[in-house]
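*Asks:* First, the structure itself, so that you have it in front of you.
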Amino acid sequence: MRKKLIIGNWKMNLNMQEASLYLHKLMEVLKPRRDVEVVVAPTTLTLQSLSLQINRRIAKLAAQNCYWRDHGAYTGEVPAAHLRGIADYVLIGHSERRYIFIESDKDIRLKVQAAIRNRLQPILCIGETAQERALGETRDVLADQLTSGLANVTAEELDKVVIAYEPIWAIGTGDNAKPVDVKKATQMIRQHVAHLYGKKAAEEVRILYGGSITVDNAADYLAISGLDGLLVGAASLDIHQFTEIIEKAHKG
Ligand code: PEP
């Protein structure tokens, strides 16, 4: 059975002191669970210090982004190579990166490859816009983003990859996707992974949902068969809400 995975994306929130205090509390309240893996994604600046503070039996760390080259004249970027040993996972292609920072499919493909090369597990975020959804293009958009994002990933490397279904219109809007639609999207993703890598790989790949998750709606998604967990944004900033969501994954 695949373990449930709950990831808290802190986005550009929680400075060093706040992040350290949050992590301290999280380490106090969470117990190591065999059936739930917990990950938090703080800002890049805080990662190294939090990596010394965290108990990895209880939770792990994700970077929110990385650059794909390992070194060189790329002012302001942080390469996956420097995150190696500090973070366990890295978010790649989050919609805020795709749409605010205009990351291309090629950037995302290269970042997935750089993450794997540097022993980080990529969390490849994919999802359709409201317009694409209205036009009935969700299946094609997901297939294109998967084909492109995984283009350099071998069948052996696929077990390192986590796929997060994050419909753009549901992120940070309070307009969460209906569980029935998330279930359909999860099936579309598995079907396309099967097309690219075969049935076994498709059964094993971990798929998350993200988009306006709250304590009140989390259980509805955790009950979806074939869905392996949640990528939580705003609600993860409140430690009580985040731990309650984790508890639901444990019980679910
Ligand atoms: C996210 O940042 O990936 C996210 C899903 O945010 P929110 O839960 O705030 O919609």
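*Asks:* Which one is surrounded by the most Cβ atoms within 10 Å (Cβ to Cβ), of the residues in segment 102-115 that are in contact with a helix residue (DSSP H, G or I) (Cβ under 7 Å, 6 or more places away or on another chain) and more than 16 Å from His82 (Cβ to Cβ)?
*Replies:* Val112
*Asks:* Take the conditions of a type in the set (Asp, Glu) and touching a Gly at 6+ places or on another chain (Cβ under 8 Å) and apply them to Glu166. Does it pass?
*Replies:* It is true that Glu166 is of a type in the set (Asp, Glu) and touching a Gly at 6+ places or on another chain (Cβ under 8 Å).
*Asks:* Taking Gly76, is it part of a loop (DSSP other than H, G, I, E, B), at pLDDT 95 or above and small (Gly, Ala, Ser)?
*Replies:* yes
*Asks:* While we're here: Would you say Leu110 is within 25 Å of Tyr209 (Cβ to Cβ), touching a residue at least 40 places away in the same chain (Cβ under 8 Å) and under 18 Å from the mean Cα position of the chain (by Cα)?
*Replies:* no
*Asks:* Being in a loop (DSSP other than H, G, I, E, B) and in contact with a Phe, Trp or Tyr (Cβ under 7 Å, 6 or more places away or on another chain) is the filter; apply it to segment 116-142 and report the residue that is surrounded by the fewest Cβ atoms within 10 Å (Cβ to Cβ).
*Replies:* Thr129
*Asks:* Would segment 80-94 turn up any residue that is closer than 23 Å to Tyr209 by Cβ and touching a Lys or Arg at 6+ places or on another chain (Cβ under 6 Å)?
*Replies:* Yes - at least one qualifying residue is present in segment 80-94.
*Asks:* How do the pairs read when you match residues in segment 228-250 that are of a type in the set (S, T, N, Q) with residues anywhere that are within 7 Å of the ligand (Cβ to nearest atom), using Cβ under 8 Å and keeping only pairs 6 or more apart or on different chains?
*Replies:* Ser236/Asn9; Gln241/Ala235
*Asks:* Given the options His24, His82, His71, name the one that is surrounded by fewer than 20 Cβ atoms within 10 Å (Cβ to Cβ) and either within 16 Å of the ligand (Cβ to nearest atom) or not in a helix (DSSP H, G or I) (or both).
*Replies:* Answer to the selection: His71.
*Asks:* For segment 27-60, which positions are in a helix (DSSP H, G or I), more than 18 Å from Val78 (Cα to Cα) and not acidic (Asp, Glu)?
*Replies:* Listed by number, the residues that qualify are Met27, Val29, Leu52, Gln53.
*Asks:* From the list Ile116, Ile92, Ile108, Ile100, exactly one residue is within 14 Å of the ligand (Cβ to nearest atom) and either charged (D, E, K, R) or closer than 17 Å to Ala151 by Cβ (or both). Which is it?
*Replies:* None of the other options fit; the residue is Ile92.
The values are calculated or read from the model by the stated rules, or taken from the named source; none is laboratory data. Quick caveat: nothing in here was measured; it's all calculated off a predicted structure. As a convention, Cβ positions derive from the backbone with ideal geometry for all residues, glycine included, and neighbour counts pool all protein chains shown.
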